[in-house]
Amino acid sequence: MNEYRVIVVGVGPIGVACALAVAVDRSLELVGMVDLDPAKVGRTLGELSGGNGAKKSGPVVVDDLEKALHGGADVAVVTTSSKFDKVAPTLQRLISESVAVVSSCEQMVWPWYRHRELADVIDAAARRTGCAVLGTGVNPGFVMDSLAVTIASVLHRVTSVRCVRRVDAGLRRSPLQAKIGATLSQRQFRELAGQGGIGHRGLAESVVMLAAGLGECVEPGAVCESLEPCLADRAMQSALGLISPGEVCGIHNVAHWRSGELIIELDLTMAVGLADPKDIVHLDGPVNLSVTIPGSVPGDSATVAVLINHIPIVCNAQSGIRTMLDLPVAGCRGRDGRG
């Protein structure tokens, strides 16, 4: 018997993968999918995924959240935007129906950093209706923030944290390659970067979460960030086409914050064709600890896993906006009936 009825809001590559994971999990039931793209409306999950093991029956994509909510739901997986203020209207409507939310919205992992007043409004609404709201993922949400906090649990004192993430974006979905500027000229990259139209989201939020996990408070605007293009040194193929030498193949994004007691630096490189991908978490103090993940955590599949694994936790969590610091470790909870 299914325990949780799930709506997926936003059926891009991550949303479709989430819906597929829900569809094969015997503890979950996919009851709705929402997307504004007319080309997706009216299609089943099987059609969206090109078969891929999904049934051709089941709910079809609708372009209105009201239609998806008509049959009732326990939780929504929201994968529509990286910006908290863009996701907020969807959150408010779901909360009004007492539907819990788990979202890949990067700014939502610590929404008070950029949108304190709006976060307080949504937190209060969720508390009134008795549901929990969580923003999570791999980065932010795990590898450059909550993982470091977990490692720090075995240390008595930490004076600095440096997290390095190197990702071969050539292995990732095309929307991510577009977000890091693959195939752009340097001039195009800098114009878009100046408009806030390109680059990774959520690195500052990771700093704030990490600091909070170590007992420090970061004020809004206190995190220093830099964003530079990575340039191709050879011709290479991407999901967006050929990248010529000298064109942008990715980003180098650094966030830095310090107090009198603690220094945090997050160093992120995502580029097509990047050699030696890996994740490193290094903590300094009286005792130093360093953890390396060769190959780096696989961002797309891991993001889907994090979202799905947190569904039962969010459905049973204390109401209001929750962060990864509030919740127990999810572990792997998928149950697809095999074996």
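This table checks each residue for (1) at pLDDT 95 or above; (2) surrounded by 19 or more Cβ atoms within 10 Å (Cβ to Cβ); (3) farther than 14 Å from GLY250 by Cα.
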| position | (1), (2), (3) |
| --- | --- |
| ARG127 | yes, no, yes |
| SER146 | yes, yes, yes |
| ARG162 | yes, no, yes |
| GLY196 | no, no, yes |
| GLU205 | yes, yes, yes |
| VAL208 | yes, yes, yes |
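Can you find, within region 81-101, the residue that is farthest from GLY197 (Cα to Cα) among those that are of a type in the set (S, T, N, Q) and more than 17 Å from the chain's Cα centre (by Cα)? The extreme case among them is SER98.
Could you list all residues from region 183-206 that are touching a residue at least 60 places away in the same chain (Cβ under 8 Å) and not charged (D, E, K, R)? THR183, LEU184, SER185, GLN186, GLN188, HIS200, GLY202, LEU203, ALA204, SER206, listed by residue number.
Restricting the search to helices (runs of 4 or more DSSP H) fully inside region 145-198 and requiring at least 2 residues that are within 19 Å of ASP300 (Cα to Cα) gives 146-152, 174-179. Per the listing ALA211, ALA182, the residue uniquely within 24 Å of TRP112 (Cβ to Cβ) and within 23 Å of the chain's Cα centre (by Cα) is ALA211. Condition first: over 21 Å from ARG201 (Cα atoms), loosely packed, with under 14 Cβ neighbours inside 10 Å and not β-branched (Val, Ile, Thr). Can you find one or more residues in region 71-88 that meet it? Checked region 71-88: at least one residue is over 21 Å from ARG201 (Cα atoms), loosely packed, with under 14 Cβ neighbours inside 10 Å and not β-branched (Val, Ile, Thr).
Within region 1-13, being over 11 Å from VAL75 (Cα atoms) and at pLDDT 95 or above holds for GLY10, VAL11.
Counting the residues of region 12-25 that are in a loop (DSSP other than H, G, I, E, B) and either more than 15 Å from ASP300 (Cα to Cα) or free of Cβ contacts under 8 Å to residues at least 60 places away in the same chain (or both) gives 1.
The conditions of being under 16 Å from VAL164 (Cα atoms), over 19 Å from the mean Cα position of the chain (by Cα) and in contact (Cβ under 8 Å) with a residue 40 or more places away in the chain are not met by GLU228.
Here GLU3 fulfils each of the conditions (1) buried (at least 18 other Cβ atoms within 10 Å of the Cβ); (2) farther than 28 Å from LYS179 by Cα; (3) not β-branched (Val, Ile, Thr) apart from (1).
Within region 175-200, how many residues are of a type in the set (S, T, N, Q) and in contact with a Pro (Cβ under 8 Å, 6 or more places away or on another chain)? Count: 1. Quick one: is GLU29 of a type in the set (D, E, K, R), surrounded by fewer than 24 Cβ atoms within 10 Å (Cβ to Cβ) and part of a helix (DSSP H, G or I)? Considered against the rule, which asks whether it is of a type in the set (D, E, K, R), surrounded by fewer than 24 Cβ atoms within 10 Å (Cβ to Cβ) and part of a helix (DSSP H, G or I), GLU29 comes out as no.
The selection criterion, being assigned by TED's automatic domain parsing to the domain that holds HIS252, surrounded by fewer than 17 Cβ atoms within 10 Å (Cβ to Cβ), touching a residue at least 40 places away in the same chain (Cβ under 8 Å) and not polar (S, T, N, Q), holds for VAL154. The residues listed here are GLY46, GLY72; of these, the one that is assigned by TED's automatic domain parsing to the domain that holds ASP120, in contact (Cβ under 8 Å) with a residue 60 or more places away in the chain and over 24 Å from the mean Cα position of the chain (by Cα) is GLY72. Residues of region 278-290 that are farther than 22 Å from ALA169 by Cα, surrounded by 14 or more Cβ atoms within 10 Å (Cβ to Cβ) and among the aliphatic types (A, V, I, L, M): LEU283, LEU289.
Taking ILE251 as the residue in question, decide whether it is among the aliphatic types (A, V, I, L, M), at pLDDT 95 or above, closer than 16 Å to ASN139 by Cβ and surrounded by fewer than 20 Cβ atoms within 10 Å (Cβ to Cβ). No.
The values are calculated or read from the model by the stated rules, or taken from the named source; none is laboratory data. Quantities reported herein were computed from a predicted structural model and do not represent experimental measurements. With ideal geometry, Cβ positions are generated from the backbone for all residues, glycine too; neighbour counts draw on all protein chains shown.
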